[in-house]
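First comes the structure, then the notes that go with it.
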Amino acid sequence: MTRYQSKTPAVLVVAGSVAAIALFALMWRRVLAPRRERRRTKHRADEHAGSSVTKAPADHGVDRQGEESGVGDLTHRRYTIEVPGSTFSRQSLLREIQQRVHELSPSALADFEKTAGNATYMVVGDEYDVTMLGPWNGRVRVAKVTDDSFTLVTLDGHPEAGHITFAIEDQSTQPDTFVVSIESWARSRDKAVQVAYDTLSMGREVQAEVWVTFLQRVAELTGCEEIPNVNIDSEDLAT
């Protein structure tokens with residue numbers, strides 16, 4: 001057992017003890033940080049579902065915790081925000097995000113600490129410790145870096161099993177506008193996490209606030225005078 005894993009009773013006790021305070025705080029955050037949400041459930045065998053599972057990039061570390069090792073439905077989430085492109089190029093904005101992961105993430109909910117790699121740039125193999133609200137701390141590793149995206153995979157002990165991609169692309173209908181997205185594919189690590197994380201909705205709510213805040217801080221970084229809403233699309237892909 002790694003230092004991030006907890007026995008089932010401990011996870012549930014701690015989750016229960018902080019749930020009321022955390023959920024109250026999260027509900028208040030929804031007032032301060034509005035967003036547009038759409039959620040649906042699909043059957044993965046439905047070929048007309050309109051969604052395809054994006055596989056994680058190759059990562060051969062023995063501590064990799066892929067979605068195939070998790071439990072419950074595979075959940076696909078995509079958070080997007082539109083920002084002006086006049087201040088940065090796509091590549092320069094991505095570099096800023098890579099260098100500022102710790103600053104852009106709300107430390108009270110998810111504090112990123114780089115434990116492997118250079119502080120001024122990101123390459124495949126870099127690792128982060130993530131301290132999260134509640135009993136869910138974990139680690140992630142950079143598995144892929146391109147000119148307009150980077151992907152993190154979860155490692156042993158993370159509450160989720162899967163991967164997440166941060167990307168920047170041009171807005172097709174508006175010149176000088178970028179779409180910044182955070183897209184994840186994941187299952188709960190185990191049954192205990194599934195109960196506290198998904199069934200009680202606490203982990204799901206915390207995660208949403210982390211990425212909503214992250215994207216709104218990206219918008220501030222680009223010079224947005226009014227912070228736009230974050231769009232959230234979620235789908236549970238039932239087996």
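Find the strands (runs of 3 or more DSSP E) located wholly in region 59-147 whose residues include 2 or more that are free of Cβ contacts under 8 Å to residues at least 40 places away in the same chain and surrounded by 14 or more Cβ atoms within 10 Å (Cβ to Cβ), and list them.
Result: 110-116, 127-132, 138-145.
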Conditions: (1) in a strand (DSSP E or B); (2) of a type in the set (A, V, I, L, M, F, W, C); (3) surrounded by fewer than 23 Cβ atoms within 10 Å (Cβ to Cβ); (4) touching a residue at least 24 places away in the same chain (Cβ under 8 Å). Ala186 meets all but one. Number of the miss? (3)
Among the residues in region 164-173, are any of a type in the set (Val, Ile, Thr) and over 16 Å from the mean Cα position of the chain (by Cα)? yes
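Taking into account only those residues within region 153-175 that are outside any loop (DSSP other than H, G, I, E, B) and polar (S, T, N, Q), which is surrounded by the fewest Cβ atoms within 10 Å (Cβ to Cβ)? Let's see the steps before the verdict.
Start the filter on region 153-175 by keeping residues that are outside any loop (DSSP other than H, G, I, E, B), which leaves 153-155, 160-170.
Keeping just the survivors that are polar (S, T, N, Q) gives 154, 165.
Values: Thr154: 30, Thr165: 20.
The residue in question is Thr165.
Ser86 - would you say it is polar (S, T, N, Q) and at pLDDT 90 or above?
no
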Checking the conditions here, which among Phe150, Phe178, Phe214 is within 19 Å of Gln98 (Cβ to Cβ), part of a helix (DSSP H, G or I), touching a helix residue (DSSP H, G or I) at 6+ places or on another chain (Cβ under 8 Å) and modelled with pLDDT of 90 or more? Phe214
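Take Gly117 and decide whether it is within 17 Å of the chain's Cα centre (by Cα) and at positive phi. Steps first, please.
On the way: within 17 Å of the chain's Cα centre (by Cα): no; at positive phi: yes.
Here the answer is no, as Gly117 does not meet what is asked.
Of all residues being of a type in the set (D, E, K, R) and surrounded by 19 or more Cβ atoms within 10 Å (Cβ to Cβ) in region 206-239, which is farthest from the chain's Cα centre (by Cα)? Just the residue, please. Give the steps one after another, and end with the answer.
To start, the set of residues in region 206-239 that are of a type in the set (D, E, K, R) comprises 209, 217, 220, 225-226, 233, 235-236.
Then keep just the ones that are surrounded by 19 or more Cβ atoms within 10 Å (Cβ to Cβ); that gives 209, 235.
Numbers: Glu209: 10, Glu235: 14 Å.
Filtering region 206-239 for residues that are of a type in the set (D, E, K, R) and surrounded by 19 or more Cβ atoms within 10 Å (Cβ to Cβ), the one farthest from the chain's Cα centre (by Cα) comes out as Glu235.
The values are calculated or read from the model by the stated rules, or taken from the named source; none is laboratory data. Because the structure is predicted, anything quoted here is derived from the model rather than measured. As a convention, Cβ positions derive from the backbone with ideal geometry for all residues, glycine included, and neighbour counts pool all protein chains shown.
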